[in-house]
1. From the list 57, 95, 21, 41, pick out the single residue that is under 14 Å from residue 131 (Cβ atoms) and surrounded by 14 or more Cβ atoms within 10 Å (Cβ to Cβ).
2. Residue under question is residue 32, and the condition is that it be in contact with a helix residue (DSSP H, G or I) (Cβ under 6 Å, 6 or more places away or on another chain), over 27 Å from residue 146 (Cβ atoms) and surrounded by 14 or more Cβ atoms within 10 Å (Cβ to Cβ); does it hold?
3. How about the stretch 16-34: which of its residues are in a helix (DSSP H, G or I) and touching a strand residue (DSSP E or B) at 6+ places or on another chain (Cβ under 9 Å)?
4. With the requirement that a residue be within 14 Å of residue 72 (Cα to Cα) and either in contact with a strand residue (DSSP E or B) (Cβ under 7 Å, 6 or more places away or on another chain) or part of a helix (DSSP H, G or I) (or both), what does the stretch 47-58 give you?
5. Restricting the search to the stretch 35-45, which residues are within 13 Å of the chain's Cα centre (by Cα) and not in a strand (DSSP E or B)?
6. Here is a list of conditions, (1) over 17 Å from the mean Cα position of the chain (by Cα); (2) closer than 30 Å to residue 12 by Cβ, and residue 53 meets all of them except one; can you say which number that is?
7. Being under 19 Å from residue 147 (Cα atoms) and in a strand (DSSP E or B) is the filter here; which residues of the stretch 66-81 pass it?
8. Pairs please, first residue from the stretch 5-25 and at positive phi and free of Cβ contacts under 8 Å to residues at least 12 places away in the same chain, second anywhere and loosely packed, with under 10 Cβ neighbours inside 10 Å and in a helix (DSSP H, G or I), Cβ atoms under 9 Å, 6+ apart in sequence or on different chains.
């Protein structure tokens, strides 16, 4: 991991994982990082690495915290990739699920939480396309529409 591009606390999160878990989670993180549109900020939120819309860009959030876009967590029994944009956009959720099905992998997903145990459980191309599809302006427009 490039230390200049990744905040120290995010590096520490990955360093604290055992090597088997890191071998699964880090490639997903790197895929998301490479696909991330400009304007999101990487850091630690809710004890997991993730990208947010910075408060200086959009301070009007329901909880006064930066608006979460994508987060990644190594849980006890599985790993989670939180894709908040597809949670907020029904059409994009359908597109994501259809693309995932086309790839032939089983989808273990809640409203925004993609759960995976192994790297082969993850369609990295679909994840990258989904992450790249939501520049900050589009994500904020969806957020404001849903929030009313």
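1. Numbers: 57 fails: under 14 Å from residue 131 (Cβ atoms); 21 fails: under 14 Å from residue 131 (Cβ atoms); 41 fails: under 14 Å from residue 131 (Cβ atoms).
Criteria check complete, one pass: 95.
2. Values: in contact with a helix residue (DSSP H, G or I) (Cβ under 6 Å, 6 or more places away or on another chain): yes; over 27 Å from residue 146 (Cβ atoms): no; surrounded by 14 or more Cβ atoms within 10 Å (Cβ to Cβ): yes.
When the stated conditions are applied, residue 32 does not pass them.
3. To start, the set of residues in the stretch 16-34 that are in a helix (DSSP H, G or I) comprises 19-34.
Listed by number, the residues that qualify are 21, 22, 24, 25, 28, 29, 32, 33.
4. 48, 49, 50, 51, 52
5. Of all residues in the stretch 35-45, those within 13 Å of the chain's Cα centre (by Cα) come to 35-37, 40-45.
Within the stretch 35-45, 35, 36, 37, 40 meet the criteria.
6. (1)
7. 67, 68, 69, 70
8. Sorted first by the residue in the stretch 5-25, then by its partner, the list stays empty.
Only the coordinates and a few stated rules stand behind these numbers; no lab work does. As the structure is a computational prediction, the values presented were derived from the model and not from experiment. Cβ sites come from the backbone with ideal geometry, for glycine too, and all protein chains shown count toward neighbours.
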